[in-house]
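A short write-up of the structure that comes next.
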Amino acid sequence: MCHDHDSRPPAPPRTGDVVERGVLTLTSADGTEFSAAYAAPAAEPRVGVVVLPDVRGLHPYYVALAERFAETGAATVAIDYFGRTAGLCDASGTRPEDFEWQAHIPQTTEAAIDGDITAAIGYLRLRTRDDLPVVTVGFCFGGSNSWRQSGGDLDLAGCVGFYGRPSVVGTAAERAHRPVVMLIAGADAATPVADQLKLADTMRAAGAEVDAVVYDGAPHSFFDRAFGQWEEACRDAWEHVLALTDRVAVR
């Protein structure tokens, strides 16, 4: 469990009006339908974000996070990973608290996840404009897959990951070329900090610009109001994420 099912993401350092929010169904390159959430800012977006959830897929935390990103001015899609093995989400458009993600995570593949990200990128550009720069922002399992995009072929402008696993990134790190932000929990019991910093060095050696930040003492999934004592770390993490989205945004 990454964090409590009822937790919600921290507020970003800047906020604006959200003109649209809701859940939807997208279609991946292989024809699979999967659930997603979309949120759009009132102002014309200069950047898009694809949110890659933790192991539980599209649960309410990530629908709320899509809205948080829209508040910062980014058109945002948060995706679910499990359309191929668990079908679409329930009537609420999200995965319930008792969703048995343990049975489905091993059935995911890089190709399927990349296909779903591609569909999300396409949707963002359909709703905005063809040249919208898009970044991925992932958490835990999603953080790993976001970092992996730096060495991949998808049409992305950058990749952000919170507390991911270097083993999931694999040899893609040796091909990294897109800007990467790594937000590392200093007391992460799931992945040693040293392993994540080694991954950062590998990606830098490959040519990627890497912004790696360690939050000393912070637990896995600190970016969560359930860990109120980490509010300062959450604010700082937002600043690093928004520094990347601002840099790649269409001017």
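Annotations
- Per residue, the chain reaches -9500 deg cm²/dmol at 222 nm when only DSSP H runs of four or more residues are counted, each adding -39500 (n - 2.57).
- Under a model in which nothing but the beta-carbon of Lys, Arg (+1) and Asp, Glu (-1) is charged, segment 15-103 shows a dipole of about 180 debye around its Cα centre.
- Most mobile listed residue (ASP116, ASP224, ASP54) in the chain, GNM with C-alpha springs under 10 Å: ASP224
- DSSP beta bridges in the chain [antiparallel fraction, %, rounded to 5]: 35 percent
- Cα gyration tensor shape for segment 89-133, rounded if a/c is under 1.5, else prolate or oblate: oblate
- Residue among GLN107, GLY16, LEU88 farthest towards the positive dipole end of segment 13-114, charges placed on Cβ: GLY16
- Net charge of the neighbourhood of SER150, taken over other residues with C-beta under 9 Å away and scored Lys/Arg +1, Asp/Glu -1, is +3.
- For segment 91-204: rounded, prolate or oblate by the Cα gyration tensor [a/c cutoff 1.5]: oblate
- Gain on full stretching of the segment that runs from ASP98 to LEU24 - 0.36 nm per residue minus C-alpha separation: 24.5 nm
- Of the DSSP H helices in the chain, those that are both long (alpha-carbon extent of 24 Å or more along the helix axis) and hydrophobic (Kyte-Doolittle mean at least -0.5) are 110-127, 231-248.
- Order of exposure, largest accessible area first, which applies to THR72, THR128, THR109 with probe 1.4 Å: THR109, THR128, THR72
- Gap separating the Cα centres of segment 192-251 and segment 132-169, nearest whole Å: 12 Å
- Mean projected area of the convex hull spanned by the Cα atoms of the chain, taken over all viewing directions: 11.8 nm².
- Take 98-104, 33-39 and order them by the average number of nearby Cβ atoms within 10 Å per residue, most first; the result is 33-39, 98-104.
- Ordering of 44-50, 15-21, 199-205 by packing [mean C-beta count within 10 Å, highest first]: 44-50, 199-205, 15-21
- Segment 1-82 shape via C-alpha gyration tensor axes, a/c threshold 1.5: oblate
- For the chain, size of Cβ-based charge dipole, Lys and Arg +1, Asp and Glu -1, in debye: 440 debye
The values are calculated or read from the model by the stated rules, or taken from the named source; none is laboratory data. This one's a predicted model, so the numbers in the text were calculated from it and none came from an experiment. With ideal geometry, Cβ positions are generated from the backbone for all residues, glycine too; neighbour counts draw on all protein chains shown. Keep in mind that these areas ignore ligands, DNA and RNA; they rest on the heavy atoms of the full protein, side chains included. Shrake-Rupley method; radii C 1.70, N 1.55, O 1.52, S 1.80 Å.
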